[in-house]
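S.K.: Have a look at the structure that comes next, please.
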Amino acid sequence: MDLREQIGQRLVIGFPGTELDPEFVRLVREYKIGNVILFQRNLKSMEQVKALCADIQELVRRETGHDAFITIDQEGGKVTRLPGDGCNVPGAMATAATGEVENAEILAHITAKELKAVGVNFNLAPCMDVNNNPENPVIGVRSYGDTAETVAAYGTAAFRGFRKGGVLSCAKHFPGHGDTAVDSHVGLPVIDKTMEELEALELKPFRAAMEAGIPAVMGSHILFPKLEPDNVPCTMSRRIVTGVLKGRLGFPGLVVSDCMEMDAIKKYYGTVKGVVSAMAAGVDMVLVCHTAALQEESARAVLQAVEEGRLSGEEMRRSAEKVVRLKEEYAKGAEAEAPCRCTEEDRALEREIRRKSIVVMGEKEISLGDTPFFTGSGSYRATLAFNDEELSETFAAHMAARLGGTHFDVGSDPKEEEIGEAAERARGASSIVVSLFAAREQAGQYRLVEALSGLGVPVVAVALYSPYDLKDLPEGVTGIAAWDNTPQTLQALEELFRGEWQPTGRMPVKL
């Protein structure tokens, strides 16, 4: 490979639309870009995804001489990219709520089969973050739990499932994004811990994943001032990427960046500078997910940095060869077994595990009666890690249409007038069901529950975003942790309210 081809192997780019974008095609031709990331914007049906991935592979093979890594964030739960006719599984914390570690492997294997069948070969999952900060705005239910032991057990089981299904996987977000109060999509988090403190908690799941043989680790856009005094985040820190991850922990695999267009990089350092710095730090594959101009500028800047001696040509060659070697190893394994989509048995198993994930706190017997009243707000995009989606119905409207009774929608942070009207409409109901979505950030939702709990009928609060929303509910209110508001979860809740199954889920974090 010449220098331009080596740089292309180390970049991962995205594009808009459901077909090959002309700018993307040009960038692949001119800069020999070897890797792609897909988002919900690219995916409309499983057949369309399969055709798109085939087009990507044909283009990249023709222009670079190597396969493409086609990457995706298919974690499960709210972080899913596959379209509705794919099998989208529960997320990490929901899986841990089943109390059965083997479910993580089962769900990852189902996911891997779906990905491989359409041509996606690299899943940017699982999250190995320990969510020990309940106020974390971006990890939360994407983590398996708030202890290193839980995350290590379920995360390595998920890795086994991805590997069994023939898809590469990636432990993220090294050295840990669980103890932040800032979303790195929109700000620059700081974790002021020593190496010894990180070794005692955050690094344990990553060590477990590495010992299990995970092929890739994604770094985080987080400042660790006690590890890196030069005020740059992990992604841009040679002390952390090369010194800690590759040196101290001895990780020999592929180091991947998070997207360099996230504000933690773009706003505070600049995407292009960040890309050059990430490669200098030892990151093997750098993601620039959205903007063609920044993708092109980044490729040019890296080329110039090598030519001027600011980036090591020898390290460039070794990293590019590492990427190509992993592609060749994957291709050999992929030839051994024809890809097949998940079966009806797989889908039935996914539904069973989703039921097992739902946690009911308090009275397990839920009876809504003949005239239930449903209320709550619609969801919103609480973090840019979630899909940018418009749901056709709110939770309240969805349930009333299928279970009978009445409903009333309120805003995400209900005002006193809305709360009063909801309480008035609920009078005479046999029961009240309230949805909570990011309620800890919007106290009006708690005031709504408080007002409704005084009406003398059973009240159920359903957390569709975070189990921490169930903290401090009024006495007598039954809390349900449902983990997300995907169509699959809403169906499981309908069946629960009809009495079709009994809840067995256990809360995997401390409230």
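S.K.: Would you calculate the convex hull of the Cα atoms in segment 311-373 and tell me its volume per residue in Å³?
M.R.: For segment 311-373, the hull spanned by Cα atoms encloses 243 Å³ per residue.
S.K.: Additional query: When the dipole is taken about the Cα centre of the chain, and only Lys, Arg (+1) and Asp, Glu (-1) are charged at their Cβ, what size is it in debye, to the nearest 20?
M.R.: 1200
S.K.: Given LYS116/LYS204; LYS172/LYS327; LYS204/LYS267; LYS50/LYS113; LYS32/LYS322; LYS44/LYS113, which pairs have Cα atoms separated by over 22 Å?
M.R.: LYS116/LYS204; LYS204/LYS267
S.K.: Using label points projected 7 Å from each Cα along Cα→Cβ, tell me how many nm separate ASP192 and ARG310, to one decimal.
M.R.: Inter-label distance under the simple model: 3.2 nm.
S.K.: Could you give the nm distance between label points at LYS415 and THR371, where each point is 7 Å from its Cα heading toward the beta carbon?
M.R.: 3.0
S.K.: Could you point to the residue in HIS66, VAL138, PRO90 farthest towards the positive end of segment 59-151's charge dipole, with +1 and -1 charges on the Cβ of Lys/Arg and Asp/Glu respectively?
M.R.: Going by the charge dipole, the pick is HIS66.
S.K.: Let me ask something additional. At 0.36 nm per residue, and after removing the present C-alpha to C-alpha distance, how many nm does the segment from GLU495 to ARG317 gain when stretched out fully?
M.R.: Working it through step by step, the gained length comes to 58.5 nm.
S.K.: On C-alpha positions alone, give me the angle between the axis of helix 487-497 and the longest principal axis of the chain, in degrees, nearest 10.
M.R.: 30
S.K.: For q = 0.05, 0.12, 0.13 Å⁻¹, what log10 I(q)/I(0) does the chain give under the Debye formula with an equal point scatterer on each alpha carbon and no solvent?
M.R.: For the chain at q = 0.05, 0.12, 0.13 Å⁻¹, log10 I(q)/I(0) is -0.20, -1.06, -1.21.
S.K.: Using all C-alpha to C-alpha distances in segment 436-478, build P(r) with 10 Å bins and read off the rounded percent in each one.
M.R.: The percentages, shortest bin first, are 31, 59, 10.
S.K.: Next question. Averaging sequence separations of C-alpha pairs under 8 Å and six or more residues apart, then dividing by the length of the chain, give the relative contact order as a whole percent.
M.R.: Value for the chain: 14 percent.
S.K.: Near the amide H of ASN121, under 5 Å away, which other amide H atoms are found, from residues 5 or more places off or on another chain, if H is placed in the peptide plane?
M.R.: Those lying under 5 Å, H to H, from ASN121 are ILE70.
S.K.: What 222 nm value per residue comes from the helices of the chain, counting each DSSP H run with n ≥ 4 as -39,500 (n - 2.57) and dividing by all residues, nearest 500 deg cm²/dmol?
M.R.: The helix-only estimate for the chain comes to -12000 deg cm²/dmol at 222 nm.
S.K.: Where in segment 263-351 are there trypsin sites (Lys or Arg not before Pro) that are in a DSSP coil and have at most 14 other Cβ atoms within 10 angstrom of their Cβ?
M.R.: Here the trypsin sites (Lys or Arg not before Pro) that fit, given the DSSP loop and packing criteria, are LYS267, ARG310.
S.K.: Quantify, in whole percent, the carbon and sulfur part of the accessible surface of the chain (1.4 Å probe; protein heavy atoms only).
M.R.: Here it works out to 49 percent.
S.K.: For the chain, give me the percentage of DSSP beta bridges that are antiparallel, rounded to the nearest 5 percent.
M.R.: So the antiparallel bridges amount to about 10 percent of the total.
S.K.: Suppose R0 equals 51 Å; then what is the FRET efficiency for ARG26 and THR406 from their Cβ-Cβ distance, rounded to the nearest 0.05?
M.R.: Between ARG26 and THR406 the formula returns 0.40.
The values are calculated or read from the model by the stated rules, or taken from the named source; none is laboratory data. Computed from a predicted model, the values in this text were never measured in an experiment. Note: ideal-geometry Cβ built from the backbone for every residue, glycine included; neighbour counts use all protein chains shown. To get the accessible areas, we keep the full protein, side chains included, count just its heavy atoms, and leave off ligands, DNA and RNA. Shrake-Rupley method; radii C 1.70, N 1.55, O 1.52, S 1.80 Å.
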